[in-house]
Ligand code: PAN
Ligand code: ZN
């Protein structure tokens, strides 16, 4: 048995950065453009610049059963047409793995769906602890005027399956309606 050294990280509420998270992933609009419904609105934004949509600070942990992957995510405030900035969203490769999200800053929505058509969404605000059970895909959306920051913890061998979302999409979308966020079906 290998005994690993304990360690501690600190999340900055300003930058969203996690000091123990040395693997920073930056998702700009040009890279995640396909997740938004209004492609003309994407083009209109990209004419002027390529904004950061979200950043993830991953803590390097062995991707094996028994370990716990964890990271912080910061989603910038912003919209593409009526649709708020959001993550790509994914299933875990190992479908039978769960996840916990803890919100530290801002206001978001956590969208979840199963492959047999069940849907759910939760409000996330500072102090919210959300549980994503096994078999549910998950995507987070920043519905507020400031950065939305949360910490995730999930099994070491969960893995990320983005392809199923790229082909199947999410049924639920979050749009601004009369100044307020509304969760609706993509087909509505
Ligand atoms: C989270 C997400 C993170 C970024 O840590 O990976 O918020 O979202 P995408 O992975 O969809 O780009 C998580 O759910 N990990 O399993
Ligand atoms: Zn996940």
#### Entry: Test: residue in segment 13-27 that is under 17 Å from the mean Cα position of the chain (by Cα) and on the phi > 0 side of the Ramachandran plot
yes
### Query
Which of the strands (runs of 3 or more DSSP E) contained wholly in segment 113-177 include at least 2 residues that are more than 11 Å from ligand 1 (Cβ to nearest atom), touching a residue at least 12 places away in the same chain (Cβ under 8 Å) and surrounded by fewer than 19 Cβ atoms within 10 Å (Cβ to Cβ)?
119-124, 129-132, 172-177
### Task
Give 159, 108, 168, 179 a once-over and let me know the one that is under 16 Å from the mean Cα position of the chain (by Cα) and more than 22 Å from residue 59 (Cα to Cα).
108
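Read-outs throughout are calculated quantities, based only on the coordinates presented, and are distinct from any laboratory measurement. Predicted model only: the values in this text are computed from it and were never measured. Here the Cβ is made from the backbone with ideal geometry for all residues, glycine too, and neighbour counts use every protein chain on show.
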